[in-house]
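Asker: Questions regarding the structure given below will be posed in turn.
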Amino acid sequence: MKAEYINPFVSAAVEVFSTMLQCELTRGKLTIGNGSQPTMDISGIIGLSGRASGTVVLSLDRAVALSATEILLSQKCESIDGDVIDAVGELTNMVAGRAKAGLEHLAMSLALPTVITGKNHVISFGSVTQTLAIPFTCEWGGVVLEVGLVESPEQAVESAIAASAAMA
Amino acid sequence: MKVLVADDSGVMRKIIIRALNACGVTDIVEAGDGAEAIAKFGETSVDLVMTDWNMPNKTGLDVVKEIRATGSTVPIFMITTEAEMSRVKEAIAAGVNDYLAKPFENDLLREKIDKFVCV
């Protein structure tokens, strides 16, 4: 996956948390992802397809998921229930949607979000997809954003031509 | 005023309904997907349709096209993660009257709702 493709997702996550939750995310160090978020309690997953295809995973600590839902609904949340699952799916949807607007040349469409809960859950991206992961911290706990995108053959050719032209 | 709110996210429907309530609108019909939105639109007369784009069982764009195909001129307000200008143009061409990309400030949502409510 191209490193520059992660930036719109990072910006989107920061914007979504700031705008919808009034919560500031502090970015950690970019790592090559391995599809596992071993300390997280809940993950929103959404597929992207178009001139690039792949998966976006937004994983949250339990406290982050509960606090985010409380802010969105203006009501107390004490356990990971249907509202929390729905809220995490919607936040993931917003991050992916906002990011793909920054990658308009890839003409990607969003699938519907899926949410997985459970301590120490692991998400597999498949062996062919290299992913990039960004950890964040906020006042409620930790967040990890992991993205795996593969360009279509046509887009890969266009990217190679553009890179050659830039070097010439 | 009666409003149809279509979004597959229950949390998002609650956020929209809270904003509608703040604008004085309490007569609200909810739909959890596109097909339900079309069905509810056929069953009851509404003064405003607020719809998401990405929903199961017919997209919000399908909903807009089907409503306009009936000849209805009901105002349609789309609230969606689809933020690309090409998508906005596509929605407006299909008959959407206003468009708000997520994420959004609650004040902006209420401001846009107020424009429909105060007509």
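None of the figures in this text is laboratory data; all of them are computed from the coordinates on show. Keep in mind it's a predicted model, so treat the numbers as computed, not measured. Ideal geometry is used to build each Cβ from the backbone, glycine not excepted, and the neighbour counts take in all protein chains shown.
Asker: Length gain on complete extension for the stretch A:Ser49 to A:Ala3, per 0.36 nm per residue less the alpha carbon to alpha carbon distance?
Answerer: Using 0.36 nm per residue and subtracting the Cα-Cα distance, I get 14.7 nm.
Asker: Okay, which of segment A:40-84 sit inside 17 Å, backbone N to the point 7 Å along the Cα-Cβ direction of A:Glu158?
Answerer: A:49-54
Asker: Moving to a separate point now. Students often get this wrong, so check it: of B:Lys14/B:Lys112; A:Lys76/B:Lys2; B:Lys65/B:Lys115; B:Lys2/B:Lys40, which have C-alpha atoms separated by over 19 Å?
Answerer: Over 19 Å Cα-Cα: A:Lys76/B:Lys2; B:Lys65/B:Lys115.
Asker: Calculate the all-directions average of the projected area of the protein assembly as shown's alpha-carbon convex hull, and give it in nm².
Answerer: Averaging across all directions leaves 15.9 nm² for the Cα convex hull.
Asker: Measure of size requested: the Rg and Dmax of segment A:3-167, with Cα atoms as the atom set and Å as the unit; please supply both.
Answerer: When restricted to Cα atoms, segment A:3-167 yields Rg and Dmax of 16.0, 55 Å.
Asker: Tell me which residues come under 5 Å, amide H to amide H, from B:Ala31 once H is placed; ignore anything under 5 positions away on its chain.
Answerer: Sorted by chain and number, the residues that satisfy this are B:Val5, B:Ala6, B:Asp7.
Asker: Among B:Glu105, A:Glu90, rank each residue by its count of other Cβ atoms within 10 Å, from fewest to most, as a rough exposure measure.
Answerer: B:Glu105, A:Glu90
Asker: Straight-line reach only, C-alpha to C-alpha below 16 angstrom: list the lysines that A:Lys2 could link to, leaving out same-chain residues fewer than 8 apart.
Answerer: A:Lys100
Asker: Here's something else I'd like to know. State to the nearest 20 debye the size of the charge dipole of segment B:57-119 about its Cα centre, where the only charges are +1 on K and R beta carbons and -1 on D and E beta carbons.
Answerer: Dipole size: approximately 180 debye.
Asker: Mind checking the dipole of chain B: about its Cα centre, +1 per Lys or Arg Cβ, -1 per Asp or Glu Cβ, Debye to the nearest 20?
Answerer: 120 debye
Asker: For segment A:143-157, what does the Karplus curve 6.51 cos²θ - 1.76 cosθ + 1.60, with θ = phi - 60°, yield as ³J(HN,Hα) per residue in whole Hz, taken in order and with x for Gly and Pro?
Answerer: Rounded to whole hertz, the list is 9, 10, 10, 10, 10, x, 10, 10, 6, 5, x, 5, 5, 4, 5.
Asker: Using the Cβ atoms and a cut-off under 12 Å, what net charge is assigned to the surroundings of B:Val117, where Lys and Arg are +1 and Asp and Glu are -1? Let's see the in-between values first.
Answerer: Details: positive: B:Lys2, B:Arg110, B:Lys112, B:Lys115; negative: B:Asp27, B:Asp47, B:Glu111, B:Asp114.
That works out to 0.
Asker: Hey, another quick one. Given Cβ point charges of +1 (Lys, Arg) and -1 (Asp, Glu) and nothing else, what value in debye, to the nearest 20, does the dipole of the protein assembly as shown about its Cα centre take?
Answerer: 280 debye
Asker: Taking only DSSP H segments of four or more residues, each worth -39500 (n - 2.57), what value at 222 nm results for chain A once the sum is divided by all its residues, to the nearest 500 deg cm²/dmol?
Answerer: -12500 deg cm²/dmol
Asker: Which residue, A:Ile134, A:Met108, A:Ile85, has the largest displacement toward the positive end of the dipole of segment A:3-167 when charges sit on each Cβ (Lys, Arg +1; Asp, Glu -1)?
Answerer: A:Ile134
Asker: Follow-up question, since we're still on this one. Quick one: 3J(HN,Hα) in Hz for segment A:110-117, Karplus 6.51/-1.76/1.60 with θ = phi - 60°, rounded, Gly and Pro as x.
Answerer: 9, 8, 7, x, 10, 10, 10, 10
Asker: I would also like to ask the following. When the helices in chain B are scored as -39500 (n - 2.57) per DSSP H run of 4 or longer and the sum is shared across all residues, what 222 nm value do you end up with, to the nearest 500 deg cm²/dmol? Let's see the in-between values first.
Answerer: Numbers: 5 runs with 55 residues, N = 119.
That calculation yields -14000 deg cm²/dmol at 222 nm.
Asker: Between segment A:127-168 and segment B:67-86, what is the C-alpha centre distance in whole Å?
Answerer: Between the Cα centre of segment A:127-168 and that of segment B:67-86, the gap is 32 Å.
Asker: Taking 22 Å as R0, compute the FRET efficiency from the Cβ-Cβ separation of B:Phe104 and A:Ala63 and round it to 0.05.
Answerer: That gives a FRET efficiency of 0.30.
Asker: Would you report the distance distribution of C-alpha pairs in segment B:2-117 as whole percents per 5 angstrom bin, up to the bin with the largest distance?
Answerer: In whole percents, the pair-distance histogram is 2, 13, 26, 27, 21, 9, 1.
Asker: For segment A:1-82, restrict the atom set to alpha-carbon positions and state the Rg and Dmax in Å.
Answerer: Final numbers for Rg and Dmax: 14.2, 42 Å.
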